[in-house]
1. Over the chain, give the accessible area per residue in Å² for a 1.4 Å probe, as an integer.
2. If you place +1 on the Cβ of every Lys and Arg, -1 on the Cβ of every Asp and Glu, and leave all else neutral, what size is the dipole of the range 1-86 about its Cα centre, to the nearest 20 Debye?
3. Ranking request for peptides 158-168, 86-96, 69-79, 115-125: highest mean number of other beta-carbon atoms within 10 Å first, then the rest in descending order.
4. Test of understanding: express the Cα radius of gyration of the range 16-114 as a ratio to 2.2 N^0.38 Å, with N the residue count.
5. Just going by the charge dipole of the chain, with Lys and Arg at +1 and Asp and Glu at -1 on Cβ, which of ILE6, VAL96, GLY171 is farthest out on the positive end?
6. I'm checking a number: the convex hull volume of the Cα atoms of the range 109-176, normalised per residue, in Å³. What is it?
7. Rounded to the nearest 0.05, what FRET efficiency do ALA145 and HIS3 give with R0 = 41 Å and r taken as the Cβ-Cβ distance? Could you check?
8. Calculate the dipole size of the chain relative to its Cα centre from +1 charges on Lys and Arg beta carbons and -1 charges on Asp and Glu beta carbons; express the result in debye to the nearest 20.
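The values are calculated or read from the model by the stated rules, or taken from the named source; none is laboratory data. Given the structure is predicted, the values throughout are model-derived calculations rather than measurements. Here the Cβ positions follow ideal geometry from the backbone for every residue, glycine too, while neighbour counts run over all protein chains shown. SASA here: full protein model, heavy atoms, side chains in, ligands and nucleic acids out. Shrake-Rupley method; radii C 1.70, N 1.55, O 1.52, S 1.80 Å.
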Amino acid sequence: KTHAAIEVLRAAESGAYLAPLRLLALEVHERLGDLGVPASLVTGEERIVNPLARHVSSTVEMVDLKREVDVAVVDETQMLQDEQRGWAWTLAIAGVRAKRIIMCGSQDGLAAAERLAARLGAGVTVRRFERKNPLTVVDSVALTALRPGDAVVAFSRNAVVELQGKIRQSGHSTAA
């Protein structure tokens, strides 16, 4: 679903990609660049502003509510239901100045997205995608069992700092 949305974004004159995580915003920023689309990157931690860019990839909390774009892609919209960060998705979807908004998310977030669209007086077209790879939940892994290249995801700065310290204590190098 995100791949299809990025293709629409790439073809637009201007656009915004709004990600739940800094690393995902960075990945899409790099992908747009690889596709020949100049883009800026804006997260809470960094700003890479390309003066020629008409596209931006950012974390959802960093959405620019003043700039008009042709297409905005809001990823992981099931986060509308999240008690701690749901406000950011609500603000992005309701406030982004886009001619077209593409909301990517899981089936369990569809009802929340449809309710928000109805409150905004906007229509919704639902497009379902078949999962290409199976999604499996694995048992938790001890931090001491991490291997080089593994990623650990946390959803608050405090949790990131805490996990980074524990991972370093177990003898691994880290980047956050």
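1. Normalised by residue count, the accessible surface of the chain is 65 Å².
2. Taking the Cα centre of the range 1-86 as origin, the dipole is about 180 debye.
3. Numbers: 158-168: 13.3, 86-96: 18.5, 69-79: 22.8, 115-125: 11.2.
Highest-to-lowest ranking by the protection proxy: 69-79, 86-96, 158-168, 115-125.
4. Compared with the compact-globule rule of thumb, the range 16-114 sits at 1.02.
5. Among ILE6, VAL96, GLY171, the one farthest towards the positive end of the dipole of the chain is VAL96.
6. Normalising the Cα hull of the range 109-176 by residue number yields 158 Å³.
7. Result of the calculation: an efficiency of 0.85.
8. So the dipole magnitude of the chain works out to roughly 240 debye.
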